[in-house]
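Novice: Got a structure for you, questions after.
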Amino acid sequence: MGHPLFARIYTRMRPRLDEYGVREHRQRLLAGLAGEVVEIGAGDGGNFAHYPPAVTQVLAVEPEPYLRSQAEHSATSAPVPVQVVDGIADRLPLADSSVDAVVASLVLCSVPDQATALAEAHRVLRPDGVLRFYEHVAGTPGRTQRLLDATIYPALSGGCHLHRDTTAAITAAGFTITELDRFDFPASGFNPAAPHILGRAVRTAGA
Ligand SMILES: C[S@@+](CC[C@H](N)C(=O)[O-])C[C@H]1O[C@@H](n2cnc3c(N)ncnc32)[C@H](O)[C@@H]1O
């Protein structure tokens with residue numbers, strides 16, 4: 001799955017966005033994680049530097065070839081072991097109940113079907129595992145988001161969508177959200193991708 005232009009633009013923009021505030025979001029996303037982790041749609045590996053030392057292994061799944069090559073490079077300087085593989089969130093190369101955490105960072109906006117990707121996250125998580133998520137989501141102005149989604153935005157942004165109710169999708173996939181921070185980033189000015197969520201979810205008992 002190639003998005004060569006988007007991939008190159010994202011690789012240049014990502015460090016600047018991190019400096020502008022995303023780095024702190026990444027740190028909050030990953031704080032306290034331990035054990036075996038799968039990160040879906042890892043991009044160029046922007047999260048890798050922020051995994052805490054209690055993480056023993058990260059499997060980073062990334063379908064876009066250029067981003068995957070950048071992620072492989074980022075993995076070489078990560079503080080924990082990171083293996084980067086080709087793959088999609090919709091079909092993870094992992095056994096049932098095999099990881100302690102699934103990390104979704106600015107990716108549930110881009111997967112073709114959130115329910116399928118979240119069902120995979122649910123499948124691979126151990127019963128006491130955790131889903132960590134950091135996503136831009138549907139919000140106001142919803143009309144503008146819907147219009148952009150139906151026209152130019154996905155083509156310009158590697159398949160990204162603005163108007164997705166990701167908290168509802170997480171809950172519908174059999175998770176219970178245990179922590180949820182909603183905020184706008186950037187905090188002011190017009191940006192249709194400003195509404196964000198950052199939080200944690202666990203498998204709902206019996207689901
Ligand atoms: C905006 S980038 C975010 C990258 C990275 N997670 C980060 O936090 O910087 C969106 C990522 O989702 C990936 N992606 C798109 N569709 C995907 C899918 N079906 N499965 C896994 N990743 C996917 C893209 O290749 C890209 O790396």
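Novice: If only one of ARG132, ARG164 is modelled with pLDDT of 95 or more, crowded, with 18+ Cβ neighbours inside 10 Å and part of a strand (DSSP E or B), which one is it?
Specialist: Exactly one residue qualifies, and that residue is ARG132.
Residues are listed down the side, and each one gets a yes or a no for (1) farther than 14 Å from SER105 by Cβ; (2) surrounded by 13 or more Cβ atoms within 10 Å (Cβ to Cβ); (3) modelled with pLDDT of 95 or more:
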{"position": "ARG8", "(1), (2), (3)": "yes, yes, yes"}
{"position": "ARG14", "(1), (2), (3)": "no, yes, yes"}
{"position": "GLN27", "(1), (2), (3)": "no, yes, yes"}
{"position": "ALA31", "(1), (2), (3)": "no, no, yes"}
{"position": "GLY35", "(1), (2), (3)": "yes, yes, yes"}
{"position": "HIS50", "(1), (2), (3)": "no, yes, yes"}
{"position": "VAL55", "(1), (2), (3)": "yes, yes, yes"}
{"position": "VAL58", "(1), (2), (3)": "no, yes, yes"}
{"position": "GLU62", "(1), (2), (3)": "no, yes, yes"}
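Novice: Same structure, new question: Could we say that LEU118 is part of a strand (DSSP E or B), in contact with a helix residue (DSSP H, G or I) (Cβ under 8 Å, 6 or more places away or on another chain) and farther than 23 Å from THR11 by Cβ here?
Specialist: It is false that LEU118 is part of a strand (DSSP E or B), in contact with a helix residue (DSSP H, G or I) (Cβ under 8 Å, 6 or more places away or on another chain) and farther than 23 Å from THR11 by Cβ.
Novice: Just to check your reading of the model, which residue among VAL124, VAL137, VAL102, VAL85 is within 14 Å of the ligand (Cβ to nearest atom), closer than 19 Å to GLY45 by Cβ and buried (at least 18 other Cβ atoms within 10 Å of the Cβ)?
Specialist: Among VAL124, VAL137, VAL102, VAL85, only VAL102 is within 14 Å of the ligand (Cβ to nearest atom), closer than 19 Å to GLY45 by Cβ and buried (at least 18 other Cβ atoms within 10 Å of the Cβ).
Novice: Restricting attention to strands (runs of 3 or more DSSP E) lying wholly within the stretch 33-89, give those where 2 or more residues are among the charged types (D, E, K, R).
Specialist: Ranges flagged: 35-40.
Novice: I'm trying to understand the selection: among the residues of the stretch 22-41, which are in contact (Cβ under 8 Å) with a residue 60 or more places away in the chain, small (Gly, Ala, Ser) and more than 13 Å from the ligand (Cβ to nearest atom)?
Specialist: ALA34, GLY35
Novice: ARG126 versus (1) farther than 25 Å from PHE183 by Cα; (2) touching a Phe, Trp or Tyr at 6+ places or on another chain (Cβ under 7 Å); (3) not small (Gly, Ala, Ser); (4) not in a loop (DSSP other than H, G, I, E, B): which is the lone unmet condition?
Specialist: (2)
The values are calculated or read from the model by the stated rules, or taken from the named source; none is laboratory data. Since this is a predicted model, take the numbers as computed values, not measurements. Heads up, the Cβs are rebuilt from the backbone with ideal geometry, glycines too, and the neighbour counts pull from every protein chain shown.
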